[in-house]
1. On a full-extension model of 0.36 nm per residue, what is the gain between residue 156 and residue 23, subtracting their alpha-carbon distance, rounded to one decimal in nm?
2. Each residue of segment 164-179 in order: what ³J(HN,Hα) in whole Hz does its phi give by Karplus 6.51 cos²θ - 1.76 cosθ + 1.60, θ = phi - 60°, with x for Gly and Pro?
3. If I model a spin label as a point 7 Å beyond the Cα along the Cα-Cβ vector, how far apart are those points for residue 97 and residue 182 in nm?
4. Of the cross-linked pairs 97/153; 120/153; 114/153; 125/153; 92/153, which ones have a Cα-Cα span greater than 19 Å in the structure shown?
5. Using amide H atoms built in the peptide plane, which far-off residues or other-chain residues are under 5 Å from residue 67 H to H?
6. Which entries of 70/121; 70/148; 121/148 have Cα-Cα distances beyond 24 Å here?
7. From the phi angles alone, apply the Karplus equation (6.51, -1.76, 1.60; θ = phi - 60°) to segment 130-144 and give each ³J(HN,Hα) in whole Hz, x where the residue is Gly or Pro.
8. Quick one: net charge of residue 141's neighbours, Cβ under 11 Å, K/R +1, D/E -1?
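Derivation of every value follows stated rules applied to the coordinates shown; laboratory data play no part. Just so it is clear, the model here is predicted, and its values are computed rather than measured. Here the Cβ is made from the backbone with ideal geometry for all residues, glycine too, and neighbour counts use every protein chain on show.
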Amino acid sequence: MELVMGLIDFILHIDRHLMEIIKDYGTWSYLVLFMIIFSETGFVVTPFLPGDSLLFVIGALGASGALNFKLALVLLIIAAVVGNTVNYFIGKMIGHKLLAMKNSRIIKKEYLYKTQAFYKKHGGKAIILSRFLPIIRTFAPFVAGLGKMNFSKFFLYNCVGGVSWVMLFMFAGFFFGNIPAVKHNFTFVIFAIIFISLLPTVIPYLRSKRR
């Protein structure tokens with residue numbers, strides 16, 4: 001429970017926590033940010049990491065001069081693309097073994113089935129679209145690997161999705177993150193980003209429950 005509360009606090013006050021990371025670790029903070037984005041997309045067990053809000057805050061900190069915006073942009077695009085690629089190969093090589101495990105705590109099969117349905121509906125484009133859907137974006141490359149999607153095709157969609165996702169949220173943070181009204185209500189803005197990001201995933205789930 002303490003771990004969950006700590007994660008919630010980190011997400012809702014991510015601007016303060018990132019400033020502490022930058023202050024404590026200096027240049028090494030770029031590695032920390034790289035690993036967070038890489039882990040969210042690279043490991044099927046970490047769908048809870050705050051990718052969207054993190055990128056927004058990094059963009060805002062870049063605008064304020066707290067970190068190098070261009071360097072962070074390039075590093076995090078690489079992290080997003082490499083993370084998805086690793087997840088693809090995990091699905092391709094050991095995906096069936098993980099699925100065969102009964103009552104597995106490693107993979108939430110409910111999330112996996114939703115991602116499979118999303119992938120079936122949108123095909124390869126799901127790799128791009130899923131970037132903007134928390135939880136699903138963590139499972140999409142795993143499902144692509146599990147389904148033996150052609151790697152060249154996957155990598156193209158992966159690059160387009162990774163670049164679009166990182167640039168959208170970082171530039172949004174860069175241009176809007178330091179507006180006084182946004183800056184003074186940053187926790188509410190982060191909450192709004194999380195809420196809006198989850199809507200495309202939550203609404204279909206609620207509809208399915210009503211049927």
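1. 44.2 nm
2. Couplings: 4, 5, 5, 5, 4, 6, 5, 5, 4, x, 4, 8, 10, x, 10, 5 Hz.
3. For the pair residue 97/residue 182, the computed spacing is 4.5 nm.
4. In this structure, 97/153; 114/153 lie more than 19 Å apart at Cα.
5. Amide H neighbours of residue 67, under 5 Å, 5+ apart: 62.
6. The answer is 70/121; 70/148.
7. 5, 4, 9, 10, x, 6, 4, 5, 6, 8, 4, x, 4, 5, 4
8. So the surrounding residues net to +3.
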